[in-house]
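A.B. asks: Submitted below is the structure of interest, expressed as structure tokens.
The values are calculated or read from the model by the stated rules, or taken from the named source; none is laboratory data. Since the model is a prediction, treat every value here as computed from it, not as a measurement. A quick note on method: Cβ atoms are made from the backbone with ideal geometry, for glycine too, and the neighbour counts reach across all protein chains shown. When the accessible area is computed, the model is the full protein with side chains, heavy atoms only, and any ligands, DNA or RNA have been set aside. Shrake-Rupley method; radii C 1.70, N 1.55, O 1.52, S 1.80 Å.
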Amino acid sequence: MAALGNRGTVTEASGFKPEEDAQKLHNAMKGAGTNEATIIEILAHRTIAQRQKIKEAFKQSVGKDLLDCLKSELTGNFEKVVVGLMMSAPVYDAYELRNAIKGAGTEEACLIDILASRSNAEKKEIIATYKKEHGKSLEDDVCGDTSGMFQRVLVSLLAAGRDESTKVDEAQAVQDAKDIYEAGEARWGTDEVKFLTVLSVRNRNHLLRVFQEYQKISGRDIEDSIKREMSGCLEDVFLAIVKCMKNKPAFFAERLYKSMKGLGTTDSVLIRIMVARAEIDMLDIKAEFLKMYGKTLHSFIKGDTSGDYRKILLELCGGEK
């Protein structure tokens, strides 16, 4: 069973017995009332691959679908976290994207978070899964729900054609920085296509070099220029691409911070990141969070959520430090 990453807070449980876990979950849900503590204890401490095995064992021994049983027993944000944990990574991403698109209004933040941060291979898997699960083309759905330049950036990201080598072409990096500068800061109005071409096609090392060069030419950080030149979703998606290239865990730490600070919590963002990154880079996200905000992610979640929802998120967060 391949793990998703090696910087997660959720790691493979040793001495794993899916049949035993399935039985415990069944006992936690049968009869009146539900034993949420057992559900948290098991599901927050198993990897996605292990949870799939529990699902199979549950179906064999109980004759029911585990996900259906969980959905009928749980409610609210706690249910949303548990449902997310029961899906494989591409299925969860496809499910989140589908929810962001269907219904009234679009949750652009979800489209941006997922499409700006996933690798080519991950995006290709999401596209295939989306088609299989929802019977539709993700690109068609995105196009039907967005417009203008924002739509074009998303379509470009969906093409999953970013150069993923590590080589830096010095002359090209200087040219790219010049092109972006001339497309934005140096003219009246902004030529967003230039930004699109450079930011969604070049590899990470090359882009880091472009950002250095851009700072030299313009005297500004690329992020500051994007904020000056763009607005709304277009600004958000370009900033997300830049931040993911510079430091992906820091990008997610900032998203988590913003989902909780101030009045009310943007639970959709908080849940999506905690579920999707628990097995990949949550340790790094926690470290960046502490560095950026001087407080632990654990303390933020604790102060901002309650009940079983809080308990399961804190387990995924993995300890105070």
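A.B. asks: Answer with yes or no whether Asn77 is touching a residue at least 60 places away in the same chain (Cβ under 8 Å), part of a helix (DSSP H, G or I), in contact with a helix residue (DSSP H, G or I) (Cβ under 9 Å, 6 or more places away or on another chain) and of a type in the set (S, T, N, Q). Give the steps one after another, and end with the answer.
C.D. replies: Numbers: touching a residue at least 60 places away in the same chain (Cβ under 8 Å): yes; part of a helix (DSSP H, G or I): yes; in contact with a helix residue (DSSP H, G or I) (Cβ under 9 Å, 6 or more places away or on another chain): yes; of a type in the set (S, T, N, Q): yes.
Taking the combined requirement at face value, the residue satisfies it.
A.B. asks: Related question: Just give me the residues in the stretch 21-74 being assigned to a loop (DSSP other than H, G, I, E, B), without any contact (Cβ under 8 Å) to a residue 40 or more places away in the chain and closer than 21 Å to Arg310 by Cα, in sequence order. Even if it seems obvious, please write down each step before you answer.
C.D. replies: Taking the stretch 21-74 first, the residues assigned to a loop (DSSP other than H, G, I, E, B) are 30-35, 44-47, 63-65, 74.
Within this subset, residues satisfying the condition of being without any contact (Cβ under 8 Å) to a residue 40 or more places away in the chain are 30-33, 35, 46, 63-65.
Passing the criteria: Gly33, Asn35, Arg46.
A.B. asks: Being without any contact (Cβ under 8 Å) to a residue 24 or more places away in the chain and within 15 Å of Ala94 (Cα to Cα) is the filter; apply it to the stretch 138-164 and report the residue that is surrounded by the fewest Cβ atoms within 10 Å (Cβ to Cβ).
C.D. replies: Result: Asp140.
A.B. asks: Anything in the stretch 191-219 that is under 29 Å from the mean Cα position of the chain (by Cα) and not in a helix (DSSP H, G or I)? List them, or say none.
C.D. replies: Across the stretch 191-219, the qualifying residues are Asp191, Arg202, Asn203.
A.B. asks: Could you pull out the residue among Phe238, Phe289 that is under 30 Å from Arg187 (Cβ atoms) and either in a loop (DSSP other than H, G, I, E, B) or open to solvent by less than 40 Å² (accessible area, probe 1.4 Å) (or both)?
C.D. replies: Numbers: Phe289 fails: under 30 Å from Arg187 (Cβ atoms).
None of the other options fit; the residue is Phe238.
A.B. asks: Next question. Can you tell me which residue within the stretch 166-202, out of those that are of a type in the set (S, T, N, Q) and touching a residue at least 40 places away in the same chain (Cβ under 8 Å), is most open to solvent (accessible area, probe 1.4 Å)? Talk me through it step by step, then tell me what you get.
C.D. replies: As a first pass, look at the stretch 166-202 and keep what is of a type in the set (S, T, N, Q): 166, 172, 175, 190, 197, 200.
With the extra rule that they be touching a residue at least 40 places away in the same chain (Cβ under 8 Å), the set shrinks to 190, 200.
Values: Thr190: 31, Ser200: 9 Å².
My answer is Thr190.
A.B. asks: Picking from Gly232, Gly262, which residue would you name as being more than 16 Å from the chain's Cα centre (by Cα) and open to solvent by 50 Å² or more (accessible area, probe 1.4 Å)? Don't jump to the end; show me each part of the working.
C.D. replies: Working: Gly232 fails: open to solvent by 50 Å² or more (accessible area, probe 1.4 Å).
So the residue among Gly232, Gly262 that is more than 16 Å from the chain's Cα centre (by Cα) and open to solvent by 50 Å² or more (accessible area, probe 1.4 Å) is Gly262.
A.B. asks: Related question: Considering only residues that are touching a helix residue (DSSP H, G or I) at 6+ places or on another chain (Cβ under 8 Å) and either modelled with pLDDT of 95 or more or basic (Lys, Arg) (or both), which ones fall in the stretch 167-197?
C.D. replies: Matches in the stretch 167-197: Lys167, Val168, Asp169, Glu170, Gln172, Ala173, Val174, Asp176, Ala177, Lys178, Lys194.
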